[in-house]
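Asker: The structure that follows is given in the form of structure tokens.
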Amino acid sequence: MTMIIIGILAAVAIPRFFDTDVFRARGFADEVQATLRYAQKVAIAQHRLVCVAVTTSPATVALTIASSNAATSCPAEPCAVGYNPPLHCLNLPTSDKNFVRSTDDSLSIVPVKFAFNALGSPFTLPYTLGDLSAAQEIKVTDYTIKVEKETGYVHQ
């Protein structure tokens, strides 16, 4: 009986532990989820529009923050760690400038662009004042990250 159980484990469970794609996909999905939550918090705290751009090859999530609280669009260049950050990043503390999450391999990810407004609600771009919020979905391989329409709550 013990040999049968060991045989079943060897055939079914053990190969899954050596398949690192599943772990990388889950790890990146968790990073994307954390980055989206962070973007929402920055939008609320700075009272500004924060844009989210999800791209493929490599899978990247980049955030940009509007230069003023009345802005209806975000700059093209994401905030990044460095000695010469873009002007729209200068008002952020040093720890807040790393807005780019990327993975070295091309995971299956669906490109998405949207923004969080000052209330933390997600909106499709281009954003105009008075727009109705729109739910968003980001798919990373087998994981779907949802951003709720009204509240901006980010979950899987």
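The values are calculated or read from the model by the stated rules, or taken from the named source; none is laboratory data. Keep in mind that this is a model prediction, so the values were computed, not measured. Here the Cβ is made from the backbone with ideal geometry for all residues, glycine too, and neighbour counts use every protein chain on show.
Asker: Of all residues in segment 119-151, which are aliphatic (A, V, I, L, M), touching a helix residue (DSSP H, G or I) at 6+ places or on another chain (Cβ under 9 Å) and at pLDDT 85 or above? Step through it out loud before you land on a result.
Answerer: First, pick out the residues of segment 119-151 that are aliphatic (A, V, I, L, M): 119, 125, 129, 132, 134-135, 138, 140, 145, 147.
From the residues that got through so far, the ones that are touching a helix residue (DSSP H, G or I) at 6+ places or on another chain (Cβ under 9 Å) too are 119, 138, 140, 145, 147.
Residues satisfying the conditions are Leu119, Ile138, Ile145, Val147.
Asker: Let me ask another. Would you pick out the residues in segment 116-156 that are in contact with a Pro (Cβ under 7 Å, 6 or more places away or on another chain) and not in a loop (DSSP other than H, G, I, E, B)?
Answerer: Phe116, Gln136, Val147
Asker: Could you identify the single residue in Val12, Val22 that is of a type outside the set (Ser, Thr, Tyr) and in contact with a helix residue (DSSP H, G or I) (Cβ under 9 Å, 6 or more places away or on another chain)?
Answerer: Details: Val12 fails: in contact with a helix residue (DSSP H, G or I) (Cβ under 9 Å, 6 or more places away or on another chain).
Just a single option satisfies the conditions, and that option is Val22.
Asker: Find all pairs meeting these conditions: Cβ atoms under 7 angstrom apart; at least six residues apart or on different chains; first residue within segment 21-35 and polar (S, T, N, Q); second residue at pLDDT below 80 and surrounded by fewer than 20 Cβ atoms within 10 Å (Cβ to Cβ).
Answerer: Sorted first by the residue in segment 21-35, then by its partner, the pairs are Thr35/Arg101.
Asker: Output the residues belonging to segment 43-63 that are assigned to a helix (DSSP H, G or I), of a type in the set (A, V, I, L, M) and over 21 Å from Gln156 (Cβ atoms).
Answerer: Here is the first cut: in segment 43-63, the ones assigned to a helix (DSSP H, G or I) are 43-46.
Still in the running and of a type in the set (A, V, I, L, M): 43-45.
Ile44, Ala45, listed by residue number.
Asker: Another one. Determine which member of the set Pro75, Pro86, Pro93 is touching a helix residue (DSSP H, G or I) at 6+ places or on another chain (Cβ under 6 Å) and either modelled with pLDDT under 60 or closer than 23 Å to Pro122 by Cβ (or both).
Answerer: Values: Pro86 fails: touching a helix residue (DSSP H, G or I) at 6+ places or on another chain (Cβ under 6 Å); Pro93 fails: touching a helix residue (DSSP H, G or I) at 6+ places or on another chain (Cβ under 6 Å).
After ruling out the rest, the residue left standing is Pro75.
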